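Enquirer: Let me give you the structure first, and then I'll get to my questions.
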Amino acid sequence: MKKMTKICTVLITLLGFTVVNAQDFKKVQGFNHIESVVSDGEFLYVADIGLTLKPFDKDGDGKIIQLDKDGKVVNPYFIRETLNAPKGLAIEENTLFVNDIDKLLAFDLKTGNKLYEIDFSAQTYFLNDIAIWDKNTLYVSATDTNKIYKVNLTTKTFEPYTIDKEIPGTNGLYVDKSASRLYVNGFGTNGNSNGLVGYVDLKTNKFNQITPIEGYYDGIYVYDGMLYFTNWMDFEKKGIVATMSLSDNKLSVVKIPELISGPADFTVFRNRLVIPGMMDGTLNFITLKKETLYIH
């Protein structure tokens, strides 16, 4: 707790952050390396890369696990298809989409059976996050090439989505249709914490950086007027959850009792942030409160 307070204080002092209280914190252990989590409103689904943290290896030990609302395993092998290092997940109606290294796969959410796949192997070996626009269109990030691709689900084709600024290590994606924005962040390149966070105006294709602070950014999500995004900070247990109010652009950090080891692609489920600790095989549940605590 002292370590968390110290880091939050540094952020506040240097960057003008405030701290948002978390009412409750729960950690579920026992996974390998979870990269992503998504919900269909009843269950949670997590993408586990496998026994070792090797996101590019086609080793066949990746899996999608179905959990209940509290993180208890319902089905340890929800997808029977052989997976290598599954990462980004997204759900549209009854379809679960999974990025697995160089393929975008679609599965029937009721049966777990594969519906189809789209091959990206000529373009990337590090497909990462997924953001759905509608039943015909979604976006995927390619972290190794700093690119975003727009996918046509009707024709099963894709094309690069060109914006005016390259985002180093393009990672997290989130579509806000009401604002016509694609929120995006980057993990950085060559091991450097030079990732950016902001949004693309889908009408102009221009990237708007919301903070000059660079980092190892990963997950990103909009909920209840707030933008949430994770920053690993380092390759050990130092990860944080940052926020920005969409009404006044005020930056904050969610106050939690312990830092997260590699906070990856998360979701919000029943007023709780559900955040993978990718490096230590944990799933962290953070219940949010409206109040903010200002530390000076």
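The values are calculated or read from the model by the stated rules, or taken from the named source; none is laboratory data. Everything numeric in this text was worked out from a predicted model, so none of it was measured. Cβ: placed from backbone, ideal geometry, glycine included. Neighbour counts: every protein chain shown. With ligands, DNA and RNA removed, areas are computed over all heavy atoms of the protein, side chains included. Shrake-Rupley method; radii C 1.70, N 1.55, O 1.52, S 1.80 Å.
Enquirer: Of all residues in the range 192-217 being open to solvent by 20 Å² or more (accessible area, probe 1.4 Å) and within 16 Å of the chain's Cα centre (by Cα), which is nearest to residue 149 (Cα to Cα)?
Expert: Step by step, filter the range 192-217, then rank; the result is 199.
Enquirer: So which strands (runs of 3 or more DSSP E) stay within the range 36-122 end to end and still have 3 or more residues that are open to solvent by 40 Å² or more (accessible area, probe 1.4 Å)?
Expert: Where strands (runs of 3 or more DSSP E) fall fully within the range 36-122 and carry at least 3 residues being open to solvent by 40 Å² or more (accessible area, probe 1.4 Å), they are 73-75, 114-119.
Enquirer: Examine the range 237-244 for a residue that is part of a strand (DSSP E or B), more than 15 Å from the chain's Cα centre (by Cα) and either closer than 17 Å to residue 199 by Cβ or aliphatic (A, V, I, L, M) (or both), and state whether such a residue exists.
Expert: The answer is yes, given that some residue of the range 237-244 is part of a strand (DSSP E or B), more than 15 Å from the chain's Cα centre (by Cα) and either closer than 17 Å to residue 199 by Cβ or aliphatic (A, V, I, L, M) (or both).
Enquirer: Might you let me know whether the range 218-236 holds any residue that is in contact (Cβ under 8 Å) with a residue 40 or more places away in the chain, assigned to a strand (DSSP E or B), open to solvent by 60 Å² or more (accessible area, probe 1.4 Å) and farther than 29 Å from residue 280 by Cα?
Expert: The answer is no; no qualifying residue exists.
Enquirer: Contact list please: Cβ distance under 8 Å, first residue in the range 24-36 and closer than 12 Å to residue 258 by Cα, second residue in a loop (DSSP other than H, G, I, E, B) and aliphatic (A, V, I, L, M), pairs at least six apart or on different chains.
Expert: These pairs meet every condition: 25/256.
Enquirer: Residue 149 is checked against (1) open to solvent by less than 30 Å² (accessible area, probe 1.4 Å); (2) under 29 Å from residue 282 (Cβ atoms); (3) touching a Phe, Trp or Tyr at 6+ places or on another chain (Cβ under 8 Å) and fails just one. What number does that condition carry?
Expert: It is condition (2) that residue 149 fails.
Enquirer: Give me the residue from the range 166-191 that is touching a residue at least 24 places away in the same chain (Cβ under 8 Å) and in a loop (DSSP other than H, G, I, E, B) and, out of that set, surrounded by the fewest Cβ atoms within 10 Å (Cβ to Cβ).
Expert: Per the stated criteria, the residue is 189.
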